[in-house]
Amino acid sequence: MVISAPDGRIAHTNPALKEILGYSEDDLAGRALSELFAPDDQPAVQRGCHRLLAGDEPWFRTHLQLRRKDGETVHTQLTVSALRDATHQPRCLVMMVDDHTELRLVLDRLNHQALHDLRTGLPNRHYFVSHLEEVLGGLEPSETVTLLHLDLEGFSVINDGLGHHHGDQVLDLVARRLESVVADQHAMVARIGGDEYAILLRPANPIPDVGRLAETVNTELVRTVYRDDVGVAVTARIGAVQRQAGTTNPAELMRAAGAALRWARDNGTRWAMFDADTAAADRAELRLAAGLPGAMQAGGLRVEYQPVAALDGGELVGVEAVLSWHHSALVVLSPDRCVQLAERTGAGHAVGRYLLDTAAEQTALWQRKLWQQNRQERLPPTVIGLSHPQAQDPGLVVQTRAVLDRTGLAPDALELSVPAAALRPVGNAPRTVARDNLELLAGLGVRTAVHDFGGDIRELALLADVGVAAVRITRSVAQQVADGPSAITAQVLDALLTSLRSAEINVVACLVDTEPVASWWRGAGANHAVGALFGRPGPAQRAEHLLGPHPDRLGAGMR
């Protein structure tokens, strides 16, 4: 407590104030109270006292800093009121001082924690974006800023192999090394995700060379550091964007750097620079991918059917179920595009399950209908290509059995095909879930196949072991054949197809749109084919004409 004359001269203080400020009562007596205020706080207190003495306000409260005897400052809350005499003239000012220093320290600490990463001490994403907004707002429109988005490679190996304690140490080490790389520049380094960092470089002359900076970053990161006698190091993929301040905003800069980082990952490069034209195409692709799950529920995603034909004779040996997205009245997305979009958004499993369920139900409907028409007991199998995530799903066999039970189909009414890549073991794993699934499905009596087969020696060795009924050649190889294969390609394919046929595996050629292409595949040893020559994908009603007792000529009914 402080009691002062109306002019601010201290008349009396209590022991608590002496303890707060470190002054004795004699030190404070007669002293101007304003001498204890920090210079920046004096005008506000003087205005408040002036209004109080004038009778405009009965009291006022403010937060300010008081100076201790040792020169340190104390954060306080000051409440001031006036005692008046019988004529309502102010006799003295009564001030109550609350010491908020510890509370202020706690609030500052909490604020720091809210804006900084606890592991590395770097600014977090929220602080970084706020800082980016502040920087852009203070620049001339023509000045160029540089933003880098970094994602560590090999970090999960350290976390899983050595433990999270070592991983945390590496995160901190990366933070310090990134700071050292830009120590001589006007820059901010932030940790914006688990193993993701960002660097903002203010305008400089010349504009920073992103390629050289990315090389410097990785040179610094790859230096080995030892943890419990184990030498560890990481590298980073980097997405970069450079923009003039007047043409962008924080959200757009962050989105652009993230897109460039994604391109670096997809293309296997160390770094990538944002490109507006590429971004426009990429954004359109992502917009399509994001809408795929909704399209599936709304009925825009459809299952169509195309014939699988024997190259010799042209008879129907199967009906393949494929996806088609009727995105608009003018745009219909192909089966390959549907699969690509689904796997890009992680919807591959859900879309694959939709294809399996729909195709199985349609097959059961065909069987019931054709049995009633002509007692036809067996139809060619319905071929269903599984997505990579679906092939690797441990629950695939259970789901397939449930589909068979629900539809009443015999197991061999379906032919399920997995991507060849899903059969290749990763790391030290002796086998894959997809391979186990194929063997279990075959045990149920379901026909099995492999698609996107490119002749990899590891895949070839697996085919005999898993006992598949058919192999579909990958579209990239098929396209080479359609365009006219080179002599080397022809020799390799001839040997490959001969090996497959000798193992009694049906070889399915795709993109067979003309008779010359069909003739080439026939001579090379393929025995089945799909393509426009035999019929394009179409609705179930068209496929039904090929399955009935009086089928349309193969190809005509599906065009």
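The values are calculated or read from the model by the stated rules, or taken from the named source; none is laboratory data. Computed from a predicted model, the values in this text were never measured in an experiment. Cβ coordinates were reconstructed from backbone atoms using ideal geometry, including for glycine residues, and neighbour counts include every protein chain displayed. When the accessible area is computed, the model is the full protein with side chains, heavy atoms only, and any ligands, DNA or RNA have been set aside. Shrake-Rupley method; radii C 1.70, N 1.55, O 1.52, S 1.80 Å.
Quick notes on this structure:
- Among the residues of segment 1-46, those identified as among the β-branched types (Val, Ile, Thr) and either surrounded by fewer than 18 Cβ atoms within 10 Å (Cβ to Cβ) or more than 14 Å from residue 96 (Cα to Cα) (or both) are 3, 20.
- Hits in segment 74-124 (condition: of a type in the set (A, V, I, L, M), touching a helix residue (DSSP H, G or I) at 6+ places or on another chain (Cβ under 8 Å) and either open to solvent by 40 Å² or more (accessible area, probe 1.4 Å) or closer than 30 Å to residue 171 by Cβ (or both)): 114, 115, 122
- In segment 61-92, residue farthest from residue 6 (Cα to Cα) [restricted to those that are modelled with pLDDT of 85 or more and touching a Gly at 6+ places or on another chain (Cβ under 7 Å)]: 62
- Any hit, segment 127-143, residues being touching a Ser or Thr at 6+ places or on another chain (Cβ under 8 Å) and open to solvent by 70 Å² or more (accessible area, probe 1.4 Å): yes
- Residue 409 being modelled with pLDDT under 85 and open to solvent by less than 40 Å² (accessible area, probe 1.4 Å): no
- Taking first residues from segment 34-52 that are under 14 Å from residue 76 (Cβ atoms) and partners that are modelled with pLDDT of 80 or more and assigned to a helix (DSSP H, G or I), the Cβ contacts under 8 Å between residues at least 6 apart in sequence or on separate chains come to 36/21; 37/45.
- Criterion violated by residue 250 - all others in (1) touching a Lys or Arg at 6+ places or on another chain (Cβ under 8 Å); (2) under 30 Å from residue 141 (Cα atoms) satisfied: (1)
- When residues of segment 449-459 are limited to those that are in contact (Cβ under 8 Å) with a residue 40 or more places away in the chain and over 30 Å from the mean Cα position of the chain (by Cα), the one surrounded by the fewest Cβ atoms within 10 Å (Cβ to Cβ): 455
- Odd one out for residue 132, checked against (1) within 30 Å of residue 75 (Cα to Cα); (2) touching a Pro at 6+ places or on another chain (Cβ under 6 Å); (3) not basic (Lys, Arg): (1)
- Residues in segment 495-523 that are assigned to a helix (DSSP H, G or I), open to solvent by 10 Å² or more (accessible area, probe 1.4 Å) and not acidic (Asp, Glu): 495, 496, 498, 499, 501, 502, 516, 517, 519, 520, 522, 523.
- Segments classed as strands (runs of 3 or more DSSP E), wholly inside segment 1-116, with at least 3 members that are within 30 Å of residue 130 (Cα to Cα): 59-67, 73-84
- Residues satisfying the stated conditions in segment 217-261, i.e. among the β-branched types (Val, Ile, Thr) and farther than 19 Å from residue 274 by Cα: 219, 222, 224, 225, 230, 232, 234, 235
- Selection within segment 189-241 - within 26 Å of the chain's Cα centre (by Cα), assigned to a strand (DSSP E or B) and surrounded by fewer than 20 Cβ atoms within 10 Å (Cβ to Cβ): 196, 235
- Taking (1) under 19 Å from residue 525 (Cβ atoms); (2) in a loop (DSSP other than H, G, I, E, B); (3) not basic (Lys, Arg) in turn, residue 426 satisfies each apart from (1).
- Close pairs from segment 479-494: first without any contact (Cβ under 8 Å) to a residue 60 or more places away in the chain, partner surrounded by 11 or more Cβ atoms within 10 Å (Cβ to Cβ) and not in a helix (DSSP H, G or I), Cβ under 6 Å, at least 6 apart: 482/511
- Contact annotation: residue pairs with Cβ atoms under 8 Å, 6 or more positions apart or on different chains, pairing a residue in segment 133-148 that is closer than 27 Å to residue 270 by Cβ with a partner that is of a type outside the set (Ser, Thr, Tyr) and part of a loop (DSSP other than H, G, I, E, B), are 135/202; 144/203; 144/207; 145/139; 145/202; 145/203; 146/207; 146/208.
- Residue under evaluation residue 535, criteria (1) part of a loop (DSSP other than H, G, I, E, B); (2) open to solvent by 40 Å² or more (accessible area, probe 1.4 Å); (3) touching a residue at least 40 places away in the same chain (Cβ under 8 Å), criterion not met: (2)
Rundown of residues vs (1) in contact (Cβ under 8 Å) with a residue 24 or more places away in the chain; (2) under 30 Å from residue 509 (Cα atoms); (3) open to solvent by less than 20 Å² (accessible area, probe 1.4 Å); (4) not in a loop (DSSP other than H, G, I, E, B), yes/no style:
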| position | (1), (2), (3), (4) |
| --- | --- |
| 254 | yes, no, no, yes |
| 257 | yes, no, yes, yes |
| 264 | yes, no, yes, yes |
| 280 | no, no, no, yes |
| 284 | no, no, no, yes |
| 293 | yes, no, no, yes |
| 304 | yes, yes, no, yes |
| 313 | no, yes, no, no |
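- Qualifying residue in segment 461-478 (condition: open to solvent by less than 10 Å² (accessible area, probe 1.4 Å), hydroxyl-bearing (Ser, Thr, Tyr) and closer than 28 Å to residue 310 by Cα): no
- Taking segment 243-252 as the range and being open to solvent by 30 Å² or more (accessible area, probe 1.4 Å) and either under 19 Å from residue 191 (Cβ atoms) or part of a helix (DSSP H, G or I) (or both) as the test, the residues that pass are 246, 247, 251, 252.
- Checked against the criterion of being out of contact with any Leu (no Cβ under 7 Å at 6 or more places or on another chain), within 20 Å of residue 303 (Cα to Cα) and open to solvent by 30 Å² or more (accessible area, probe 1.4 Å), segment 433-444 contains not a single residue that satisfies it.
- Between 140, 153, the distinction of being out of contact with any strand residue (DSSP E or B) (no Cβ under 7 Å at 6 or more places or on another chain) and at pLDDT 90 or above belongs to 140 only.
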